[in-house]
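Working notes, beginning with the structure itself.
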C-alpha cells in the first residue's frame, strides 16, 4: 500500500513538474521562411529548445528578403504565447518599368519601408493628377504602382441651336473650346471652356432662347436685391430694397418679361444727422499741416467723390454720403456665405474711388442635377451651400460607377464663382466579384465576411487593442481584386525583467502602463546611485518601434 502511494505521489510530482517545465519553456525552434538562425541552434536543437520565457533570439533574412522594418536582421523574444514578434522575411520590391516618366534613383530593388520617387514627362500625370509621386515598398508590395498617363477630356456632343469649335475626337489638357449660338439664342454660361486634368471647366453651355432669358437685374444706386440668382428666365421676379438712409420711389418688384426687365425703382437719400458731413469743405490742409489753402467751390467739387460704387452681393458699412472728401475711405462687407475678394477698404483719390472688391458667389447644390447624374453627397451636410473655393465630394448611387474612371478623385469638384461641375455616374456594368477579403495579423473585419462581394463593395478593418492601424481601414473590391489591406502594428509590452536587468525604473507619468502604441515614447530613469552606461545620464526617453523597446542600460557608480 505504501509502495502504491509513493508511486502515485511520484507520478503526480512528475506530471506537475512537467507542466511547469512546459509552461516555462513555451518557445520551440522557429520556422522562418526565407530566413535562418545560427547553425548551432539547428545542430543542438534538443539542448536549446524549447526556450524559456524572456530569452531572445536573432535571425537573418536571405538575400532579396528583409524583415518588416526593412533590415536584414531581426530579433525576437520568447513570450508565454510564443515568439514575439513572429519572425518573418518579406521579399524586397523590384522597381517596375515606367513609361513616359523617370525615377529619381538608379536602384532596381528597394527594401521594405524605402520610398521610390518618380516624375512624369511633360503632358503626363500620375494617378493623383500630379507630375511627381512617391511609392513606398510595403511588406505586401508597392503602396501604389508607378504610372504616368496622358489626361484627356470627354467627347463633346452637339448642342441644340448652336455649335462649337474646334471639333476633335480627343481633347487633351489645355485645349480650349469656343461655343456659339444661332440668331435669337444666347449662351447660358461662359462661351469658352477648357480641358483640365479633372475634366472640362466650366460645364459645356447650352443655347437658350433670348426671349426666355434676362440679363442680371438693373439695380439703381444704393440698392440691392434680396435674392441673387445666376440665371433669370421669363416670369422671374426680383425684390429690390434701398440701403439705410435711402427711401425707395417706385415699385419694389421688377419682373423679367420677354428678355427685358420692367422699370426699376430709385433710391433717394433722406436728411439725417450726417447731412452736414456730406457738405464739401472749402479748405484743404497743405503738406505743412499748419497753413491752409482755400479752393474755390468748383475745384473742391472736382476733387471730391460721389457715392461709392455698388458691388454685387455686398454693401458699404455705415451711412452713405452723397459726397466724400479726397482721402476718405469706406469699407465693404459681403452678404452671408459670400467671400470677399480684394481690399475691403476703398479710398477716394482726386475724385475717383480706388478699385472696389468683389463678393464671390456661393454654390447651392441642385438635387435635380444630382439625381440626373446619379450621384449623392459623400459626407452629410446640414446646409447645401458651399463657399467659393470649397471642395465638394460626391459618390455614385448604388449600382452606378463614375463615368470618368481615369480621372483622380472623380467624385471631387470645387465651387468656382458660384458654379459646380457635377460628376456623372453611369449604370454599373456586370463585373467580376471578389472572394472573401484577406485576413490581417492582429486585426479583423468589423463585420463577418461574406463569400462574395460585388464590384465597388467595401469592408472595414479594426486592430486588436493597443495595435496601431497603418494604411486605409477600408478596402474596396475592384474588378475581382481587393485593394491593399491595412497593417496592424503591434504595441510594446513593458518587461519588468528587462528593466531589472538594466537597472532602470519607469517614470511616474507612465505608472500602471503596460502597453505602448507604436511611435509612443516611454520615460525611464536610473536606479539610485546608477548612471547611463554610455551617456552618464539618468533620464531617458525611448520610442516604441513595431513592438520593440530598446531599454537604456544603467550601471552602478559615479557619473
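Read-outs throughout are calculated quantities, based only on the coordinates presented, and are distinct from any laboratory measurement. Just so you know, these numbers come straight off a predicted model, no measurement behind them. Here the Cβ positions follow ideal geometry from the backbone for every residue, glycine too, while neighbour counts run over all protein chains shown.
The smallest convex shape that holds all Cα atoms of region 296-358, its convex hull, gives 69 Å³ per residue. Working note: Debye formula, equal point scatterers on the alpha-carbon atoms of region 93-142, no solvent; log10 I(q)/I(0) at q = 0.19, 0.23, 0.27 Å⁻¹ is -0.60, -0.84, -1.06. The alpha carbons of region 465-543 stretch over 65, 25, 20 Å along the principal axes, in descending order. Derived from the Cα gyration tensor, the three semi-axes of the equivalent ellipsoid of region 31-91 are 20, 14, 8 Å, largest first. So what's the gap between the Cα centers of region 155-192 and region 105-128, to the nearest angstrom? Distance between centres, Cα-based: 38 Å.
Of the peptides 357-363, 311-317, the ranking by mean beta-carbon count within 10 Å, highest at the top, reads 357-363, 311-317. Enter the Cα centre distance for the pair region 305-350 and region 423-496, rounded to the nearest angstrom. Result: 56 Å between the Cα centres. The relative contact order of region 492-556 comes to 39 percent, based on Cα pairs under 8 Å that sit 6 or more residues apart. Taking the centroid of alpha carbons for each part, region 502-555 and region 27-91 are 25 Å apart. For region 443-489, place one equal point scatterer on every Cα, skip the solvent, and apply the Debye formula. What is log10 of I(q)/I(0) at q = 0.14, 0.21 Å⁻¹? Debye intensities relative to I(0), on a log10 scale: -0.34, -0.70. Computed log10 I(q)/I(0) for region 152-211 at 0.22, 0.26 Å⁻¹: -0.81, -1.05, from the Debye equation with unit scatterers placed on every C-alpha and solvent omitted.
For 40, 65, 515, the sequence from fewest to most other C-beta atoms within 10 Å is 40, 515, 65.
Here the relative contact order of region 363-427, from alpha carbon pairs under 8 Å that lie six or more residues apart, stands at 39 percent. Exposure proxy shown here: for 108, 323, 474, the number of other Cβ atoms within 10 Å sets the order, fewest to most, as 108, 474, 323.
So, by mean Cβ neighbours within 10 angstrom, what's the order for 155-166, 449-460 with the highest one leading? Display every interim value, and only then the final one.
Details: 155-166: 12.3, 449-460: 14.8.
Per-residue mean Cβ counts within 10 Å order the peptides as 449-460, 155-166.
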